[in-house]
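Taking it in order: structure first as structure tokens, then the write-up.
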Amino acid sequence: MNVVLETIRNRRSVRKYLPGQIKEVELQAILEAGAFAPSAHNDQPWHFTVIQKKELLDELSRKTIALMAQSPLEWVRKMAAREGYHLFYNAPTVIVVSGRDDAMSPLVDCSAAIQNMLLAAEAVGVGSCWIGLVRHLFAKREELGALQLPSAYTPYYAVSFGYPDPSVPLVAPARREGTVTYIR
């Protein structure tokens, strides 16, 4: 099978990491892949904030979980109440992806950059997980000073990165059927 297609098929969301930090060469490959994502009018409106400071990741996790506990959605409140839950699954590296506010389609462009980073991580043996629940914290701009975001950028998502714990099998869930219509 083609190596790109194999990488796409093998990528999984990792929710248990080994404690060691990823290598700098792997981090740079992941960031470069994000920067080479397609974007509307080649706007490249993304900004990547790399966090490898455990204390900050723990603080961001605690603050987000506290906000999740107030969610009107029961499943979000239940997740926040789970014993030992960490928003970033104790990953040693997290990248916050922000988009420039005046761009044509920053959310879509940043999502494409994230997908590139997820695939690059898989290709270099690094596990990853796209973290959407961080939006609870991102909605509180006054809480984001530690992220040193550039002005006129909105943070959309975070992605956790680290070496997967081999004790947790990564099995692909069945793919939904009926998702394609052919008009020929």
*asked:* Quick check on the stretch 141-160. Is at least one of its residues in contact (Cβ under 8 Å) with a residue 24 or more places away in the chain, within 30 Å of Lys23 (Cα to Cα), small (Gly, Ala, Ser) and open to solvent by 50 Å² or more (accessible area, probe 1.4 Å)?
replied: yes
Task: Any hit, the stretch 84-95, residues being assigned to a helix (DSSP H, G or I) and either open to solvent by less than 90 Å² (accessible area, probe 1.4 Å) or modelled with pLDDT of 95 or more (or both) - done: no
The condition from (1) under 11 Å from the mean Cα position of the chain (by Cα); (2) closer than 15 Å to Ala33 by Cβ that Val134 misses is numbered (2)
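Looking only at the stretch 161-184, count every residue that is over 28 Å from Lys16 (Cα atoms) and either modelled with pLDDT under 90 or open to solvent by less than 100 Å² (accessible area, probe 1.4 Å) (or both) and tell me the total.
Filtering the stretch 161-184 down to residues over 28 Å from Lys16 (Cα atoms) leaves 177-184.
From what is left, the residues that are either modelled with pLDDT under 90 or open to solvent by less than 100 Å² (accessible area, probe 1.4 Å) (or both) are 178-180.
Adding up the residues that qualify gives 3.
Can you pull out the residues in the stretch 99-132 that are of a type in the set (A, V, I, L, M), over 15 Å from Ile8 (Cβ atoms) and not in a strand (DSSP E or B)?
Narrowing the stretch 99-132 to residues of a type in the set (A, V, I, L, M): 103-104, 107-108, 112-114, 117-121, 123-124, 126, 131.
If we keep only those that are over 15 Å from Ile8 (Cβ atoms) too, we end up with 103-104, 107-108, 113, 126, 131.
Once the filter is applied, which keeps residues that are of a type in the set (A, V, I, L, M), over 15 Å from Ile8 (Cβ atoms) and not in a strand (DSSP E or B), the stretch 99-132 yields Ala103, Met104, Leu107, Val108, Ala113, Val126.
Taking the condition in contact with a strand residue (DSSP E or B) (Cβ under 7 Å, 6 or more places away or on another chain), in a helix (DSSP H, G or I) and either open to solvent by 40 Å² or more (accessible area, probe 1.4 Å) or in contact (Cβ under 8 Å) with a residue 12 or more places away in the chain (or both), does Leu5 pass? Write out each step before concluding.
Numbers: in contact with a strand residue (DSSP E or B) (Cβ under 7 Å, 6 or more places away or on another chain): no; in a helix (DSSP H, G or I): yes; either open to solvent by 40 Å² or more (accessible area, probe 1.4 Å) or in contact (Cβ under 8 Å) with a residue 12 or more places away in the chain (or both): yes.
Criteria not met by Leu5.
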Every listed condition ((1) open to solvent by 30 Å² or more (accessible area, probe 1.4 Å); (2) without any contact (Cβ under 8 Å) to a residue 40 or more places away in the chain) holds for Ala29 save (2)
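Just checking, how many residues over the stretch 43-57 are more than 18 Å from Ala112 (Cα to Cα) and either in contact with a Pro (Cβ under 6 Å, 6 or more places away or on another chain) or open to solvent by less than 30 Å² (accessible area, probe 1.4 Å) (or both)? Give the derivation first.
Taking the stretch 43-57 as the starting set, the residues that turn out to be more than 18 Å from Ala112 (Cα to Cα) are 51-57.
Still in the list and also either in contact with a Pro (Cβ under 6 Å, 6 or more places away or on another chain) or open to solvent by less than 30 Å² (accessible area, probe 1.4 Å) (or both): 51, 56-57.
Total meeting the criteria: 3.
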The condition from (1) open to solvent by 80 Å² or more (accessible area, probe 1.4 Å); (2) out of contact with any strand residue (DSSP E or B) (no Cβ under 8 Å at 6 or more places or on another chain); (3) under 30 Å from Glu142 (Cα atoms); (4) of a type in the set (Lys, Arg) that Lys63 misses is numbered (1)
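The values are calculated or read from the model by the stated rules, or taken from the named source; none is laboratory data. Values in this document were obtained by computation on a predicted structure and should not be read as measured data. Backbone-built Cβ (ideal geometry, glycine too); neighbour counts: all protein chains shown. Surface accessibility is based on the protein's heavy atoms, side chains included, excluding ligands, DNA and RNA. Shrake-Rupley method; radii C 1.70, N 1.55, O 1.52, S 1.80 Å.
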